Every structure is written in structure tokens, then in C-alpha cells.
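Structure first, commentary second.
Please treat every number below as a calculation from the coordinates, not as lab data. Predicted model only: the values in this text are computed from it and were never measured. As a convention, Cβ positions derive from the backbone with ideal geometry for all residues, glycine included, and neighbour counts pool all protein chains shown.
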Amino acid sequence: MKNYILCLVVLIFMVSCSNVYYISPDGDDNNSGKSQAKAWKTIRKVNETDFSPGSSILFEGDEEFIGTIELTAEDAGNSDKQITISSYAEGVASINGGDKEGMAAKGCDHIIIENLRFKGSGRKSGNTTDGVFIFESDSILIKNIEVFGFQHSGLHLHKSANTRIEHVYAHDNGFAGIHVTGTTAGDSVNYDNKNIYIGYCVAENNPGDPTVLRGHSGNGILASSVDGGIIEYCESFNNGWDMPWDGNGPVGIWIWDCTNFIIQYCISHDNKTHPGARDGGGFDFDGGVSNSVLQYCFSFNNQGTGIGLYEYGGAKTWENNIVRYNISQNDGQTH
């Protein structure tokens, strides 16, 4: 009897100390959130809570939740105990950001984002943001997500490090499917992003950002200001066909202002550009790329060139790059 009581006390203690939080449309924000029977109801409750390392934030599968998941430095994990945002039960939960982001993590290290669908109201239907925005964060894993309907990029990584992006399906966004950015360029010897991996992703039908009237948009996968990056086993197609700008254009998979970068085993096809505009190609090592390799890739049926190698005034020096073992077939369809 004493052993039974002891086990019961231990079990109650373990449940009360659990760092797993559940969110369900049938829940209540006044609940503890610590079990499916006591689930929270809204994203607002998630945003009001500071999570400790090792916490899991789980949304009920096959259900939709309205709002933007917001994480800050107060919600960070550590190298041993990450913060996980995912789904539970059958199916995948949908996060409907509407006219805003589906998720924004700023200064939040050691997080895992997986098994979720992020949707916006549409690049021409009110949305003005990115789908998933990661800002100044370290040690991020993003896998098995779908992101669509955002005016800017489906997934936008800015000034971050040690990040893996795997099995992301980014489609029907404006500026790009997947976009890595920084602020360093030109004469700067620095890079804002370190050790970025993008693998097994698909960027499809990201036509263009209707608000970008003085520059390219409608890219598949694009990275800049990266020291140490890999893009591999990715596919990019049917992007760029609704770019409003008639100057420089989008590309299926490309980098600029990067060093020590590898693009390999990728396919880029049927990408487009604005009528009379440039680019719309398959792959590109653009201005400021150095010490990088483009290999074992297949480009076909693009309006622009299969593989572009470019430099422009004011960029870092384009040097020490290797382009080998690639195929370009039926590219340059319009220019």
C-alpha cells in the first residue's frame, strides 16, 4: 500500500512538472495546458507564457489556430533541452497568420519547429509579411512544415546561425519560398549568418511580391550574407512569373554575398521572370560569392539561363568558386 501511494505521488509530481503544453480548439486558456484534457485554446495564451528549456508546445492535429506564434529570448532552450513547437494527435495543425506572420522567433535559441502548416491570407489578398520569420537566433531546426500565402517569403531567416531547414514545402508566396538574409555586403568582410543547411525542400509557385517595384522577387530559394552553407536535394520550379519589376529578375536557387557555400544535387526548372526582364534562370552564383561550389545540379526549361555566374559593382570579390558536373537542358527559353 505504501509503495502504491509513493508511486501515485511520484506520478502526480511528474505530471505537474511536465513541460508539455497542449493547445486545442476545445480547450480553455484558464486551464493548465499540461494535458490534452486540460489544453489551452488560443495562440494568445502561448504568447503570454514564458517557456523553460525542454518545453514542448503542441497544437492539435487537423485543426486551425488563428494568430502569430511569437517567441523571444525568454522562451529559449539550451543545447540539452530545446523548445519544440509541433502538432499532436492525428494530422498536422494549421497556423493561420492571416495578414501577419504565422510564426516569429526573435533572439530565441535552440528551438525546433516541426510538423506544422503555416498559411497566410495571400500575397495579393492582404498579407504583408513572411510566413515563418527567424531573427537573430542560434541553433534552430525547422523540418516537415508547409508554408504558403505570404506576401514576402514563406520562410525567412535573418542574422542567424547553426540552423537546419529540412523538408520544407514553400509555395504560393511572394518574394521567395525560402530566404536567408543579412545586412553585410560590399566592403564588409563579415557575414551575418553562419552554418546554414537547407535540404530536401521544395519551392514551388512563388510568383512575385506585388509591392517590390524596384527589384527582383519571385525566387525559389535564395541566400545571402552566409559563411558556411549548404543547399542540397532541393527542387525549385514555376517561380517568378508574376514579378512586377522589369529589370533584374528572380532565379530558382541562388546565392550572393556568401562564402564557403555548397549547392548540390538540386533541380531547378520552369522558372520565369517578368516579360522583358532579366534572369528567370535555374541556378546563380551572384555578386560577392567566394570559395563556393555548385555541383551535380540539373536545370531545365527555365526562361533564363541554366547557370548564371555574375558580379556587380560594389560587391565583395567573386573568387575561388567551382562549378562542375551540372546539366542545363532547354534553358534560355525567352532570353
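How high is the FRET efficiency between Asn291 and Asp246 when r is their beta carbon distance and R₀ equals 30 Å, given to the nearest 0.05?
FRET efficiency, Asn291 to Asp246: 0.35.
Taking square-rooted eigenvalues a ≥ b ≥ c of the alpha carbon gyration tensor, is the stretch 152-335 rounded, prolate or oblate, where a/c under 1.5 means rounded and, failing that, a/b exceeding b/c means prolate?
Here the stretch 152-335 falls in the rounded category.
With a bin width of 5 angstrom, please list the P(r) values of the stretch 16-126 as percents of all Cα-Cα pairs, from the 0 bin to the one holding the largest distance.
That works out to 3, 13, 23, 25, 21, 11, 3, 1, 0, 0, in percent per bin.
Just going by the charge dipole of the chain, with Lys and Arg at +1 and Asp and Glu at -1 on Cβ, which of Gly306, Asn330, Gly131 is farthest out on the positive end?
Value: Gly131.
For the chain, what does -39500 (n - 2.57) per DSSP helix run (n ≥ 4), summed and divided by total residues, give at 222 nm, in deg cm²/dmol to the nearest 500?
After summing the helix terms and dividing by the residues of the chain, the value is -2000 deg cm²/dmol.
How high is the relative contact order of the chain, given as a whole-number percent (alpha carbon pairs under 8 Å, six or more residues apart)?
Averaging sequence separation for qualifying contacts and normalising by length gives 9 percent for the chain.
Farthest toward the dipole's positive end in the chain, which of Gly61, Gly33, Ile253, given Cβ charges of +1 (Lys, Arg) and -1 (Asp, Glu) about the Cα centre?
Most positive-ward Cα: Gly33.
Let me check I've understood the local charge: for Gly126, count other residues with C-beta under 12 angstrom from its C-beta, Lys and Arg +1, Asp and Glu -1. What total comes out?
Taking every Cβ under 12 Å from that of Gly126, the sum is +2.
What is the distance, in nm, between label points placed 7 Å from the Cα along the Cα-to-Cβ direction at Tyr200 and at Val20?
It is 2.3 nm.
For each of Phe118, Phe150, Phe51, count neighbouring Cβ atoms within 10 Å of the residue's Cβ, then give the residues from fewest to most.
Phe51, Phe118, Phe150
Once the Cα gyration tensor of the stretch 200-291 is diagonalised, what are the square roots of 5 times its eigenvalues, in whole Å and ordered largest first, as equivalent ellipsoid semi-axes?
Rounded to whole Å, the semi-axes are 22, 15, 10.
Explain nothing, just the number: relative contact order of the stretch 152-335, from Cα pairs under 8 Å at least 6 residues apart, as a whole percent.
Answer for the stretch 152-335 is 17 percent.
Please get the size of the charge dipole for the chain, origin at its Cα centre, with Cβ charges of +1 on Lys and Arg and -1 on Asp and Glu, quoted in debye to the nearest 20.
Taking the Cα centre of the chain as origin, the dipole is about 340 debye.
Helix 2-16 versus the longest principal axis of the chain: what angle, 0 to 90°, nearest 10, using Cα atoms?
Computed tilt is about 40 degrees.
If you restrict to DSSP beta bridges whose two residues both lie in the chain, what percentage is antiparallel, to the nearest 5?
DSSP beta bridges in the chain are roughly 0 percent antiparallel.
Using only Cα positions of the chain, each an equal point scatterer, no hydration layer, compute I(q)/I(0) via Debye at q = 0.09, 0.12, 0.14, 0.15 Å⁻¹ and quote the log10 values to two decimals.
Computed log10 I(q)/I(0) values: -0.49, -0.80, -1.02, -1.14.
How much net charge surrounds Val289 when only the other residues with a Cβ under 11 Å from the Cβ of Val289 are counted, with Lys and Arg +1 and Asp and Glu -1?
Summing Lys and Arg as +1 and Asp and Glu as -1 gives -4.
Just to verify a number: FRET efficiency for Tyr312 and Asp50, C-beta to C-beta distance, R0 = 45 Å, to 0.05?
Once rounded, the FRET efficiency stands at 0.50.
Is there a pair in Lys45/Lys124; Lys34/Lys81; Lys81/Lys143; Lys45/Lys106; Lys106/Lys159; Lys45/Lys159 whose C-alpha atoms are over 20 Å apart, and which pairs would that be?
Too far apart for the 20 Å limit: Lys45/Lys124; Lys45/Lys159.
From the backbone phi of the stretch 52-58, what are the Karplus-calculated ³J(HN,Hα) couplings (6.51 cos²θ - 1.76 cosθ + 1.60, θ = phi - 60°) in whole Hz, Gly and Pro given as x?
9, x, x, 6, 10, 10, 10
Can you pull the semi-axes for the stretch 102-147, root of five times each eigenvalue of the Cα gyration tensor, sorted largest first, whole Å?
So the equivalent ellipsoid measures 22, 13, 6 Å along its semi-axes.
If we sort 159-165, 238-244, 34-40 on the protection proxy, mean other Cβ atoms within 10 Å, highest first, what's the order?
Going by the mean number of other Cβ atoms within 10 Å, highest first, we get 238-244, 159-165, 34-40.
Roughly how big is the stretch 16-126's charge dipole about its Cα centre, with Cβ charges of +1 (Lys, Arg) and -1 (Asp, Glu), in debye to the nearest 20?
260
To make sure I understand, if each residue's beta carbon is the centre and we count other beta carbons within 10 Å, what order do Tyr296, Tyr22 fall in, fewest to most?
Ordered from fewest to most neighbouring Cβ atoms within 10 Å, Tyr296, Tyr22 come out as Tyr296, Tyr22.
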